[in-house]
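Novice: Please read through the structure below; I'll follow up with questions.
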Amino acid sequence: MAKQEPSMDQWLAEAKTTPEAAQCGMFLTHNGVVRITPKAQVREGAQGLGDVAQIEFSYDAAGLDAAVAEALTWPGVYYVRTWLNEGVLGVGDSIMYVLIGADIRPNCIDALQKLVGKIKNELVVEKEIYA
């Protein structure tokens, strides 16, 4: 693994001490990890690709900062924190963590899904390396 993973317990404890915490009725976390099954197989049903051994992972840091700033403008969202790994990652290694704090459950769920989608679809480069 290229970077030290954060502690979600620590992140949540820190989030709950911020001035914005009083507005948050829910916190949700996402932990994306490297899986053995190729993305094309999971999403499109492609076969015969073999198992994933590693991925080469990078991301647009400025784009991530902008995405976090944008997420804080979404309905009911008061807290956002992200961590993305980088480099060559093995199966089971964490790719990213995202923490969202929002006023109510629907806003929190929607924001988490929207932000993770934006990160995955627009800001990261993943190259699967097969076994």
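Novice: Can you give me the solvent accessible area of Thr73 with a 1.4 Å probe, rounded to the nearest 10 Å²?
Specialist: Surface open to solvent at Thr73 totals about 110 Å².
Novice: For Lys16, which lysines qualify as cross-link partners when the Cα separation must be under 30 Å and same-chain residues fewer than eight apart are set aside?
Specialist: Output for Lys16: Lys3, Lys114, Lys118, Lys120.
Novice: Rolling a 1.4 angstrom probe over the protein chains, ignoring ligands and nucleic acids, what is the accessible area of Asp110 in square angstrom, nearest 10?
Specialist: Its accessible surface works out to 90 Å², give or take rounding.
Novice: Another question, if that's okay. Where nothing but the Cβ of Lys and Arg (+1) and of Asp and Glu (-1) is charged, how large is the charge dipole of the chain around its Cα centre, in debye to the nearest 20?
Specialist: Its charge dipole is roughly 260 debye.
Novice: Turning to a different aspect of this structure: Counting only the heavy atoms of the protein chains, how much of Ser94 is accessible to a 1.4 Å probe, in Å² to the nearest 10?
Specialist: Result for Ser94: roughly 0 Å² accessible.
Novice: Just to verify a number: FRET efficiency for Ala131 and Glu44, C-beta to C-beta distance, R0 = 25 Å, to 0.05?
Specialist: 0.80
Novice: Could I ask something else about it? Counting pairs of alpha carbon atoms under 8 Å apart in space and at least six apart in sequence, what relative contact order in percent does the chain give?
Specialist: 37 percent
Novice: To continue, here is another question. For Arg43, Arg35, give me the order by solvent-accessible area with a 1.4 Å probe, most accessible first, ignoring ligands, DNA and RNA.
Specialist: The residues order as Arg43, Arg35, largest area first.
Novice: For Ala13 and Asp65 in one chain, what is 0.36 nm times their gap in residues minus the Cα-Cα distance, to one decimal in nm?
Specialist: My answer for the length gained is 16.5 nm.
Novice: Here's something else I'd like to know. Whole angstrom only: what separates the Cα centroid of segment 99-128 from the Cα centroid of segment 1-42?
Specialist: The two parts, judged by their Cα centres, are 10 Å apart.
Novice: Follow-up. Normalised by the number of residues in segment 66-106, what is the relative contact order in percent for Cα pairs under 8 Å and 6+ residues apart?
Specialist: Relative CO of segment 66-106 lands at 41 percent.
Novice: Still on this structure, I have one more. Output the Cα-based Rg and Dmax of segment 1-57 in Å, rounding Rg to one decimal and Dmax to a whole number.
Specialist: According to the Cα coordinates of segment 1-57, Rg and Dmax are 17.7, 52 Å.
Novice: Which of the helices in the chain, when you take each full DSSP H run, stretch at least 18 Å along the axis at their Cα atoms and have an average Kyte-Doolittle score of -0.5 or higher?
Specialist: Sorted by number, the helices that extend far enough and score high enough are 105-118.
Novice: So what's the back-of-envelope 222 nm ellipticity for the chain, counting only DSSP H runs of four-plus at -39500 (n - 2.57) apiece and dividing by all residues, rounded to 500?
Specialist: -8500 deg cm²/dmol
Novice: Counting only protein heavy atoms and using a 1.4 Å probe, what share of the accessible area of segment 1-110 belongs to carbon plus sulfur, as a whole percent?
Specialist: 49 percent
Novice: Here is a follow-up. How much length is gained if the chain between Ile109 and Trp74 is pulled fully straight, taking 0.36 nm per residue apart and subtracting their Cα-Cα distance, in nm to one decimal?
Specialist: Contour length minus the Cα-Cα distance gives 11.4 nm.
The values are calculated or read from the model by the stated rules, or taken from the named source; none is laboratory data. Here the structure is a predicted model, which is why all the values come from computation and not from measurement. Cβ sites come from the backbone with ideal geometry, for glycine too, and all protein chains shown count toward neighbours. With ligands, DNA and RNA removed, areas are computed over all heavy atoms of the protein, side chains included. Shrake-Rupley method; radii C 1.70, N 1.55, O 1.52, S 1.80 Å.
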